[in-house]
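The values are calculated or read from the model by the stated rules, or taken from the named source; none is laboratory data. Every value quoted in this text rests on a predicted model; they were computed, and no experiment measured them. Don't worry about glycine lacking a Cβ; one is built from the backbone with ideal geometry, like all the others, and counts go over all protein chains shown. To get the accessible areas, we keep the full protein, side chains included, count just its heavy atoms, and leave off ligands, DNA and RNA. Shrake-Rupley method; radii C 1.70, N 1.55, O 1.52, S 1.80 Å.
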Amino acid sequence: MKSWMIRFLAPCLALCGLALIAACGSEQKAPAPKVEAGQGPALWRVERAGLDGWIFGTIHVLPEGVDWQTPTIKQAWKDADQLVLEAADLQDQQKTLGLFESMGRSPNLPALDARVPAGERPELDRIVKEGGTSAQALSGYESWAAAMLLSAASQESLNVSQANGVEPVLIAAFKGRPIGGLETVERQFGAFDGLPEAAQRKLLIQTIHEAKDMKALYNRILSAWAKGDMEAIAKEDQNGEQPDPVVEDAILTARNRDWVGAVDKLKGRPFIAVGAGHLTGKDNLIDLLKAKDYKVTRVQ
């Protein structure tokens, strides 16, 4: 099981509000992790001529009751003069959903079950049924978009919500100050939409493979995130099935490189908030900024 699936798919799903919602209340919820004194999600100070800000590693969807707003984080966003999220149009869910539908659908596509090996079809059927949809309904979507929707369906048991995530809290905290982004939602979807069909199908198949263990993986990542344990998050990427290199480069590495260019254009005291998975592992944003002579200091 790989954390890269949550890293890659969850931001886009959270943006869309497609399906990352709390599951039915009959399932017992795991207790929210507690942030102990002296701990908390990872936060860095980033400095270069004309720029003195922060980089914060977020988690886009959370269960209720995670108290992640430490005094250090609150002081940083109080001192900041702007909020910079992954996507500039994060707040416009109607636009985002419209982009997903226009970019993710195509006419005359093969049936969804025809795009996966015969041995994967029973698990595909299980996911779509438990998610309240059908393979037929998803057949109108390109393979990358179908993978997103399947991932959303498989995460129904996580008892998480975008409303409980980090970004809505930050947006409320920065009301009255500029809110921008390192890229657009169209750029996020475009990274998937531009994948060759063979890579899209590998993504689809791996989504099916990983559905069974999604809850255990999410809980491990959540616990590590709450402690600011970036090493533990990185180790999740070393376990289990490796992502397709074409997918990893397009969805993670290329975007991190683009984000360095976006940071280059920032001035003042920005509070930059991106998914924590972008701040650890190979070609992560922190290392790329250091390579361009930014001073990046861990402060929490």
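For region 128-146, which residues satisfy the criterion of being touching a residue at least 24 places away in the same chain (Cβ under 8 Å), out of contact with any Gly (no Cβ under 9 Å at 6 or more places or on another chain), over 12 Å from Asp113 (Cα atoms) and in a helix (DSSP H, G or I)?
Glu130
Which one is farthest from the chain's Cα centre (by Cα) among residues in region 155-166 that are of a type outside the set (D, E, K, R) and open to solvent by 20 Å² or more (accessible area, probe 1.4 Å)?
Ser157
Right, Val169: open to solvent by 20 Å² or more (accessible area, probe 1.4 Å) and either touching a Cys at 6+ places or on another chain (Cβ under 7 Å) or of a type outside the set (Lys, Arg) (or both) or not?
Here the answer is yes, as Val169 does meet what is asked.
Here is a check on your reading of the model: is Ile233 touching a residue at least 12 places away in the same chain (Cβ under 8 Å) and open to solvent by 20 Å² or more (accessible area, probe 1.4 Å)?
no
What residue, among those in region 120-129 that are open to solvent by 40 Å² or more (accessible area, probe 1.4 Å) and more than 15 Å from Glu210 (Cβ to Cβ), is modelled with the lowest pLDDT?
Among residues in region 120-129 that are open to solvent by 40 Å² or more (accessible area, probe 1.4 Å) and more than 15 Å from Glu210 (Cβ to Cβ), the one modelled with the lowest pLDDT is Lys129.
For residues in region 241-280 being in a loop (DSSP other than H, G, I, E, B) and modelled with pLDDT of 95 or more, which is least open to solvent (accessible area, probe 1.4 Å)?
Once the filter is applied, the top-ranked residue is Leu266.
Among the listed residues Asp287, Asp293, identify the single one that is modelled with pLDDT of 95 or more, in a loop (DSSP other than H, G, I, E, B) and surrounded by fewer than 19 Cβ atoms within 10 Å (Cβ to Cβ).
Result of the check over Asp287, Asp293: Asp293.
When you go through Ala145, Ala137 one by one, which is the residue that is open to solvent by 30 Å² or more (accessible area, probe 1.4 Å) and of a type in the set (A, V, I, L, M)?
Ala137
State the number of residues belonging to region 260-291 that are farther than 21 Å from Val166 by Cβ and without any contact (Cβ under 8 Å) to a residue 60 or more places away in the chain.
The number of residues fulfilling the criteria is 10.
Kindly indicate whether any position in region 48-69 is open to solvent by 60 Å² or more (accessible area, probe 1.4 Å), part of a strand (DSSP E or B) and under 26 Å from Leu288 (Cβ atoms).
Within region 48-69, one or more residues are open to solvent by 60 Å² or more (accessible area, probe 1.4 Å), part of a strand (DSSP E or B) and under 26 Å from Leu288 (Cβ atoms).
For every residue, the table says whether it meets (1) out of contact with any helix residue (DSSP H, G or I) (no Cβ under 8 Å at 6 or more places or on another chain); (2) β-branched (Val, Ile, Thr); (3) at pLDDT 95 or above.
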site: Pro11; (1), (2), (3): no, no, no
site: Cys24; (1), (2), (3): yes, no, no
site: Pro33; (1), (2), (3): no, no, no
site: Ala37; (1), (2), (3): yes, no, no
site: Gly40; (1), (2), (3): no, no, no
site: Glu47; (1), (2), (3): yes, no, yes
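Taking into account only those residues within region 78-108 that are of a type in the set (A, V, I, L, M) and either in a helix (DSSP H, G or I) or free of Cβ contacts under 8 Å to residues at least 24 places away in the same chain (or both), which is surrounded by the most Cβ atoms within 10 Å (Cβ to Cβ)?
This residue is Leu99.
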